[in-house]
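Undergrad: The structure is given below, and queries will be raised subsequently.
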Amino acid sequence: MPTLATSPTDWPLHWIVLLPLLGAAINLLVGRKLARRTVHLIACGSVLAALLLSLSAVVGSLYPLWKASQTGGAAPELRDLFYTWIQSGSLRVEMAFLLDPLSAVMILTITFVGFLIHVYSTGYMAHDPRPAAYFGYLNLFTAAMLLLVLGDSLPVMFIGWEGVGLCSYLLIGFWFDKEKYANAGRKAFIVNRIGDFGFLLGILLLYANVGAVDYAGLEASLAQLVGANSPLLTSYAGTGLSLTFFAGLFLFVGACGKSAQIPLYVWLPDAMAGPTPVSALIHAATMVTAGVYMVARLGFLFLTTPEVMMIIAAVGATTAIVAAVIGFAQTDIKKVLAYSTVSQLGFMFAAVGCGAFTAGVFHLFTHAFFKAGLFLAAGSVMHAMGDRTEIMGMGGLRKKIPITHATFFIYCLAIAGVVPFAGFFSKDEILLGAYVAQLPYWPEWFGRAIWAVLAVTALFTAFYMWRLYFLVFAGESRADEATQRQIHESPATMTGPLVVLAIGAVLLGFLGLPHIGGLPNAFAAWLSGTFGAWQGTVLPEAHASTGTTITLMAIALASALIGIGAAWALYRNGPGALVQRLVVVLAPLHRWVANKFYVDELYDLLIIRPFRLLAKLLFAVVDRVFIDTLFVNGTGWVTRTFGRLARRAQNGDVQRYFVAMLLGVVGIVSFATCGKPRFEATTAGGTAMRFVADVGAGPGANGAKVEWDFTGDGKIDATGADVTWSFPAPGSHAVTLRVEDGLFREVKQLKRVITVAAVVLEAAAAPAEGAVN
Amino acid sequence: MGHSWLLPTLLALPLVGALLLMLVPREETTFAKGVALVTSLVTFVVSLLVWKWFTPTEAGYQLVCNASWIDALGVRFKLGVDGISIWLVLLTTFLVPLVLLSAWSAIQKKVKEFLIAFLILEAGMLGAFTALDLFVFYVMWEVMLVPMYFIIGVWGGERRIYASIKFVLFTMLGSLLMLVAIFYVYVKYGQTTGVYTFDLELLYALQLPRSAQYYCFLAFALAFAIKVPLFPFHTWLPDAHVEAPTSGSVILAGVLLKFGIYGFIRLAIPLFPHASYQFAPYIVALAVIGIVYGALVAFAQQDVKKLIAYSSVSHLGFCMLGLYAMNAPGIEGSIFAMVSHGLTTSGLFLAIGVLYDRRHTRQLADFGGLWAKMPVFAACFLIVTLGSAGLPGLSGFVGEFLALLGAFSAGDAIPGAGIWTAVAASGVILGAVYLLYMFQKVMFGPITNDQNRHITDMNAREVTVFVPLLLGIFFLGIYPKPFLAAMEPAVLKFVSVYQTKLADEANTVHLVSGIGPAAAAGEPTEPPTEPPTEPPTEPPTDRALRAPAEQAAPPTDGVLRGRGLPAGPSGQAGSAP
């Protein structure tokens, strides 16, 4: 049900999502019967259409609004209320979409890089037997990713969030006949689900406390809480920590899962089992950046909790350096790139954790181009090498696949951070942002510590990326004869996207020029449409002195060059003698790193095995032995045994039956009647007394009629088991309690004389111990 | 109140079909199947009329039929639907034709009897969902039991006798206690008002004293907890599922289990609100344990049917949790999750039935790599698996999300709601673990078993069974609003009646200071002779009354301590726009 545009900020954004979804539906439902060409056409066409539509929305409609906002207009936002998804009680979740400068960057990246990768795939997957499924999933992924970034509330983001996870699962395990691939897919999905658990708890926590799940509503409610100095923000549920601390932490757990941060990064390297274009699109350019997007999108929430920001920055920096170190010792081209991705995502998290949202998103944007390019180029290398991925068996590819080589060279410069390639600008901005970061309650040294870690990581990045470059393209080929003979450059459908992405890797950095001498930073200006409201108050990023900026830039550039130089020295002719010696000397360390610090094994030992064991144990012990054998079959056994015993009583001896019957009747009557009635009296102030009757516990007490005579005239003065009676004067009074049994209607009476004193009242009733029992 | 003929007609249709089947010669199996299928389809179409004539904005019972039946006992043949039961009625009529179609070639022996049993079962289920008279409800409840017993016991697998007897004994244990409680309520109401009736709407007004509520609630709750099944009353379910034929499993999981939750909503909670309130922490604990426990144990299974059976324990735990949130999102989520579970789990059982028909095994180890051979099946199986795992956009997510959301914001209704809900939410991860494990073992990897090399994909009949299910799963996931909207008035009414009754009860209970539970109950209408001497929020206990000296001391009953009764209707539920 398309919404008609009724105001200038309405725009049918849902079509951007629906177009790829439609492509997916066609290919998945009937694609098997279509020609390969048609499948390609539908898949690429739908993404291209989404790209054009996105461009039209951003350039045609959002840009004018943004311009107006620069001169004091309202925040630049396009909205689309598609339909109401869930409504229950006070909860209302709209299927609503929001296009603002932040989501504009995202959708343009997704559709543009996505389109290139679709095109590339038509070449790469040209001989796969199931094109319809592959392209269907790829389209479905694109739709889910677009939903994730366009959604205007956490639940809608969550649909996309899980949707991309599903497509990732399906595409990692696309060649499902290999058990290893299927396992990798499942691992990815489950680790992601652990993150999603955090995401879900975050949503629940926020809804339960502020009653909103859409971004605008959340922002307004949080602002209200801040304004009202709400106790929720100082000590939530008596924990001494703010509500946003918990919500932010849970949401960040979700981000960690999706964006492969410590401790949930283990799935991403395994995910390389999928087809290479999938690694480029999902596991480098788009899906894995969703966590960064989420933190940036909810910046207003995270900024209220500097503790969580600190955790984010620390996790990001740690992930960056750990993954870079692991990258040193990997010998599989895709694994190197995978750890590189984890490391670069760490950079982005460190940035947003430091409050440098613009820098984080800028790196997300440039990284999407050069990392997608790296993966696609790796795919082209694998194509040439007959699907081999072992870099120790490559080398000398420079001349044989020149286009791939040239583009790979550019991407490597970009990721290493060499001026003027895209990575230089974005990484530099992150380093600067970390260096000057100073959030409330942060220790002064914290931002600099993050900066130091990231600067070292930048050096490492340059080293392992250029190690990869030299091992693959430089020196002599180390491949066998047969492989060497069949090395060939990839078709134009594959090299074309490589070239386009390389152009992006060269040029895009200029969008975000550093803050020196009034250079324009178009990217920051654009994103100020989203971040402006919060950033101005918190972020000193743009206010760093020119001296600091230039010094930091020089350090970053120097570390990049040192890294490249070291790689050149060690690997320019393949793994040289020095490398061999180092590996021998540092064998234990090397083994440790090459095996990724044994984290997978550790998780296996600490989590997976105990989990399996627990599952088996619960089933075997609780279900089988405890409940079924003891509880259920045990009851059966007891019943049978009693039955066997009872059978002996049924021996036909009439005299014995008669005795039993008599005993039974006596028993029933004595048990069932009320028993001797008793009552207890206590003072109730003045001459009033409270009388409580005890009519016994047998079933006869059930419905017993209780009547009182306080005046001794034989008339009923009150009924009920608990009554209060005011005597006219102190002194002795005869009280009669009359109880009529509820079962046999047998009447019993009790008469007692009690003394009512004016001041001290003493109950002279039945013995107290008898009454109590 | 028009169209009062509709619900009785709906009930009668399957019975008429069953009667017709009796006239069909034994050998004419195809014709018999045709008759049964047409009957169930007609029933489905008629049930769509229920939907059509149902006013979603009304809270009360609609399309009510109130005919005299056994006047001497005050039993009336009273049927009706509200926003809660209508979806379960539709689920039932929707699933039965699919199940009959799926069993087309699977059932080979005593075909006619099978079909008759199935149609009687359908009538029983519809009757129990629409009954507004306690007596009618109980009759229908028992009517369902018998055909199910035969379906497992006659057409089941190797250990079918053990499984069917276990099924019947478990169910009867609960039912009989419930019957006693039903009579108690009936007699009590009669004694109090002089009118002897089983009419639920009248019985709702009965204020039972606390202790009586406890016993009655426990009797009802046991019957329903077994049906849900709530941990630890679940062990009949895996056995029943494994031994039942596919069709039996589908109906068992798809519809019969829902009577557990439905019973709590329709009977146990509104009749005994105070007891329900007091037992809520324990029930929630069992539900959450069930969610996690069911998921863990499902993961340990090698038999696919058992795995799905345990997954039901986990999923229905969410329904129970949401219900006890006692607010609109929680209860609507619970009902929605029931309907969704009816579709996804039926889908899972049907899928494994497809495999069983071909390979006569259900062991995970016997499969693997089937995707390449059965792409259409793979797609269907994948969608129902993901629906069951709660993927957003499919039906499973909406219900569980709402149930969790409701539970998390339940406030006083669930003590420690945050922690319980967080633990329950971990069931979402675990769901993905065991379901994907199952899917991978069956579909992925190389074909290791030679017998799977020539396995065929689904035929047209099987696809026909799946298509409506899949459409339902998608529709409920993408556009749940109309269903939720139609539930809302009934749910809000349920919540407000519950809370009003709870508050009334808290204000009046001290008048009949209970020396014995029944002594107080004998005179519930007697007006107070003196103003209340205790604050209403301090519930008296037997001990406090018998030793008046202790009266000033705070209540020592462990159940009551620390859980003040709500002052009146309040909380999330009332704040709907």
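Undergrad: Are any residues in the range B:282-313 more than 10 Å from chain A (Cβ to nearest Cβ) and without any contact (Cβ under 8 Å) to a residue 12 or more places away in the chain, and if so, which ones?
TA: B:Y282
Undergrad: Please find, among A:V583, A:V632, the residue that is part of a helix (DSSP H, G or I), of a type in the set (V, I, T) and not assigned by TED's automatic domain parsing to the domain that holds A:C412.
TA: Within the list A:V583, A:V632, the selection yields A:V632.
Yes/no per residue for (1) assigned to a helix (DSSP H, G or I); (2) aromatic (F, W, Y):
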residue: B:F377; (1), (2): yes, yes
residue: B:C380; (1), (2): yes, no
residue: B:I383; (1), (2): yes, no
residue: B:L386; (1), (2): yes, no
residue: B:F397; (1), (2): yes, yes
residue: B:E400; (1), (2): yes, no
residue: B:G406; (1), (2): yes, no
residue: B:P415; (1), (2): no, no
residue: B:T421; (1), (2): yes, no
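Undergrad: Those residues that are hydroxyl-bearing (S, T, Y) and either modelled with pLDDT of 70 or more or closer than 20 Å to A:R647 by Cβ (or both), I need them from the range A:657-674; list them, please.
TA: A:Y657
Undergrad: Next question. From (1) surrounded by fewer than 24 Cβ atoms within 10 Å (Cβ to Cβ); (2) of a type in the set (A, V, I, L, M, F, W, C); (3) facing another protein chain (nearest Cβ under 9 Å), pick out the condition that doesn't hold for B:A365.
TA: Exception for B:A365: condition (3).
Undergrad: Could you grab me the full set of residues in the range B:306-320 that are more than 13 Å from the chain's Cα centre (by Cα) and crowded, with 24+ Cβ neighbours inside 10 Å?
TA: Listed by number, the residues that qualify are B:L307, B:I308, B:A309, B:Y310, B:S311, B:S314.
Yes or no, residue by residue, for (1) among the acidic types (D, E); (2) in contact (Cβ under 8 Å) with a residue 40 or more places away in the chain:
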site: B:M178; (1), (2): no, yes
site: B:F183; (1), (2): no, no
site: B:L200; (1), (2): no, yes
site: B:L203; (1), (2): no, yes
site: B:P209; (1), (2): no, yes
site: B:A212; (1), (2): no, yes
site: B:P229; (1), (2): no, yes
site: B:P238; (1), (2): no, yes
site: B:E243; (1), (2): yes, yes
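Undergrad: If I filter the range B:452-487 down to residues being in a helix (DSSP H, G or I) and touching a strand residue (DSSP E or B) at 6+ places or on another chain (Cβ under 7 Å), which single residue comes out as nearest to B:V398 (Cα to Cα)?
TA: Initially, the range B:452-487 is screened for residues in a helix (DSSP H, G or I), giving B:452, B:460-478, B:481-487.
Next cut, touching a strand residue (DSSP E or B) at 6+ places or on another chain (Cβ under 7 Å) only: B:473-474, B:477, B:481, B:484-485.
Details: B:I473: 11, B:F474: 11, B:G477: 6, B:K481: 10, B:L484: 10, B:A485: 13 Å.
Restricting to residues being in a helix (DSSP H, G or I) and touching a strand residue (DSSP E or B) at 6+ places or on another chain (Cβ under 7 Å), the top hit is B:G477.
Undergrad: Going by what's in this entry, would A:G160 be described as under 30 Å from A:G89 (Cβ atoms) and either of a type in the set (G, A, S) or out of contact with any helix residue (DSSP H, G or I) (no Cβ under 7 Å at 6 or more places or on another chain) (or both)? Even if it seems obvious, please write down each step before you answer.
TA: On the way: under 30 Å from A:G89 (Cβ atoms): yes; either of a type in the set (G, A, S) or out of contact with any helix residue (DSSP H, G or I) (no Cβ under 7 Å at 6 or more places or on another chain) (or both): yes.
Taking the combined requirement at face value, the residue satisfies it.
Undergrad: Then there is this: Name the single residue, out of those in the range A:62-105 being within 14 Å of chain B (Cβ to nearest Cβ) and of a type in the set (S, T, N, Q), that is nearest to A:G160 (Cα to Cα).
TA: Filtering the range A:62-105 for residues within 14 Å of chain B (Cβ to nearest Cβ) gives A:81-96.
Adding the requirement that they be of a type in the set (S, T, N, Q) leaves A:84, A:87-88, A:90.
Values: A:T84: 17, A:Q87: 19, A:S88: 21, A:S90: 24 Å.
It comes out as A:T84.
Undergrad: Here's another thing I want to ask about it. If you take the residues in the range B:459-469 that are touching a residue at least 40 places away in the same chain (Cβ under 8 Å) and more than 14 Å from every other protein chain (Cβ to nearest Cβ), which one is surrounded by the fewest Cβ atoms within 10 Å (Cβ to Cβ)?
TA: Only one residue tops the list, namely B:R461.
Undergrad: If I ask for residues that are assigned to a helix (DSSP H, G or I) and more than 8 Å from chain B (Cβ to nearest Cβ), which ones from the range A:204-223 would you list?
TA: Hits for the range A:204-223 are A:L206, A:N209, A:V210, A:Y215, A:A216, A:G217, A:L218, A:E219, A:A220, A:S221, A:L222, A:A223.
Undergrad: Does A:T331 meet the test of being of a type outside the set (A, V, I, L, M, F, W, C) and surrounded by fewer than 24 Cβ atoms within 10 Å (Cβ to Cβ)?
TA: Answer is yes for this residue.
Undergrad: Can you tell me how many residues within the range A:271-286 are buried (at least 24 other Cβ atoms within 10 Å of the Cβ), touching a Leu at 6+ places or on another chain (Cβ under 8 Å) and not in a helix (DSSP H, G or I)?
TA: Count: 1.
Undergrad: Would you be able to say whether some residue in the range A:115-122 is within 24 Å of the chain's Cα centre (by Cα) and modelled with pLDDT of 90 or more?
TA: no
Undergrad: Which one of these does B:F183 not meet: (1) in contact with a Lys or Arg (Cβ under 9 Å, 6 or more places away or on another chain); (2) surrounded by fewer than 23 Cβ atoms within 10 Å (Cβ to Cβ)?
TA: If we test B:F183 against (1) in contact with a Lys or Arg (Cβ under 9 Å, 6 or more places away or on another chain); (2) surrounded by fewer than 23 Cβ atoms within 10 Å (Cβ to Cβ), just (1) comes out false.
Undergrad: Pairs needed: first member in the range B:380-408, over 19 Å from B:F439 (Cβ atoms) and more than 9 Å from chain A (Cβ to nearest Cβ); second member anywhere, of a type in the set (K, R) and surrounded by 24 or more Cβ atoms within 10 Å (Cβ to Cβ); C-beta distance under 7 Å; at least 6 residues apart or different chains.
TA: Pairs that qualify, where the first residue is over 19 Å from B:F439 (Cβ atoms) and more than 9 Å from chain A (Cβ to nearest Cβ) and the partner is of a type in the set (K, R) and surrounded by 24 or more Cβ atoms within 10 Å (Cβ to Cβ): there are none.
Undergrad: When you scan the range A:394-407, do you find a residue that is touching a residue at least 24 places away in the same chain (Cβ under 8 Å), under 30 Å from A:E481 (Cβ atoms) and in contact with a strand residue (DSSP E or B) (Cβ under 7 Å, 6 or more places away or on another chain), even just one? Before you say what the answer is, go through the steps one by one.
TA: First, pick out the residues of the range A:394-407 that are touching a residue at least 24 places away in the same chain (Cβ under 8 Å): A:394-398, A:400-407.
Next, from what is left, pick out any that are under 30 Å from A:E481 (Cβ atoms): A:394-398, A:400-407.
Among the residues that remain, those that are also in contact with a strand residue (DSSP E or B) (Cβ under 7 Å, 6 or more places away or on another chain) are: A:395.
Yes.
Undergrad: Only one residue in A:L614, A:L630 is within 8 Å of another protein chain (Cβ to nearest Cβ), under 28 Å from B:D303 (Cβ atoms) and not β-branched (V, I, T), so which one is that? Please lay out each step first, then the result.
TA: Working: A:L630 fails: within 8 Å of another protein chain (Cβ to nearest Cβ).
After ruling out the rest, the residue left standing is A:L614.
Undergrad: How many of the residues in the range B:207-225 are surrounded by fewer than 24 Cβ atoms within 10 Å (Cβ to Cβ) and closer than 21 Å to B:I291 by Cβ?
TA: Qualifying residue count, the range B:207-225: 1.
Undergrad: Taking B:V255 as the residue in question, decide whether it is under 27 Å from B:V465 (Cα atoms), at pLDDT 90 or above and not polar (S, T, N, Q).
TA: In short, yes.
Undergrad: Hey, another quick one. Let me confirm something: among A:P767, A:P730, which residue is more than 24 Å from B:S211 (Cα to Cα), at pLDDT below 75 and more than 14 Å from every other protein chain (Cβ to nearest Cβ)?
TA: One residue alone meets the criteria, A:P767.
Undergrad: Also, quick follow-up: Pairs please, first residue from the range A:702-717 and within 13 Å of chain B (Cβ to nearest Cβ) and over 29 Å from B:A212 (Cα atoms), second anywhere and crowded, with 19+ Cβ neighbours inside 10 Å and at pLDDT 80 or above, Cβ atoms under 6 Å, 6+ apart in sequence or on different chains.
TA: Within 6 Å, the pairs are A:F710/A:W725; A:F710/A:V735.
Undergrad: Mind listing whichever residues of the range A:224-270 are more than 21 Å from the chain's Cα centre (by Cα) and outside any loop (DSSP other than H, G, I, E, B)?
TA: A:Q224, A:L225, A:V226, A:G227, A:P231, A:L232, A:L233, A:T234, A:Y236, A:A237, A:G238 - these are the residues of the range A:224-270 that are more than 21 Å from the chain's Cα centre (by Cα) and outside any loop (DSSP other than H, G, I, E, B).
Undergrad: Kindly indicate the residue of the range B:154-168 that is surrounded by fewer than 21 Cβ atoms within 10 Å (Cβ to Cβ) and closer than 17 Å to A:T639 by Cα and also nearest to the chain's Cα centre (by Cα) among those meeting that condition. Spell out how you get there, then give the answer.
TA: Let us first name the residues in the range B:154-168 that are surrounded by fewer than 21 Cβ atoms within 10 Å (Cβ to Cβ), namely B:154, B:157-159, B:161-162, B:165, B:168.
Okay, now just the ones that are also closer than 17 Å to A:T639 by Cα, so B:162, B:165, B:168.
On the way: B:Y162: 24, B:I165: 21, B:V168: 17 Å.
Among residues in the range B:154-168 that are surrounded by fewer than 21 Cβ atoms within 10 Å (Cβ to Cβ) and closer than 17 Å to A:T639 by Cα, the one nearest to the chain's Cα centre (by Cα) is B:V168.
Undergrad: A follow-up question, please. Given the range A:287-379, what helices (runs of 4 or more DSSP H) lie entirely inside it while holding 1 or more residues that are at pLDDT below 90?
TA: It comes to A:299-302, A:306-328, A:333-353.
Undergrad: Specify which of the listed residues (A:A577, A:A646, A:A560, A:A569) is within 30 Å of A:F425 (Cβ to Cβ) and more than 41 Å from the chain's Cα centre (by Cα). Spell out the reasoning first.
TA: Values: A:A577 fails: within 30 Å of A:F425 (Cβ to Cβ); A:A646 fails: within 30 Å of A:F425 (Cβ to Cβ); A:A560 fails: more than 41 Å from the chain's Cα centre (by Cα).
So the residue among A:A577, A:A646, A:A560, A:A569 that is within 30 Å of A:F425 (Cβ to Cβ) and more than 41 Å from the chain's Cα centre (by Cα) is A:A569.
Undergrad: Right, another one. From the list A:S46, A:S61, pick out the single residue that is out of contact with any helix residue (DSSP H, G or I) (no Cβ under 8 Å at 6 or more places or on another chain), assigned to a helix (DSSP H, G or I) and of a type outside the set (F, W, Y).
TA: From the options A:S46, A:S61, the qualifying one is A:S61.
The values are calculated or read from the model by the stated rules, or taken from the named source; none is laboratory data. Since the model is a prediction, treat every value here as computed from it, not as a measurement. Don't worry about glycine lacking a Cβ; one is built from the backbone with ideal geometry, like all the others, and counts go over all protein chains shown.
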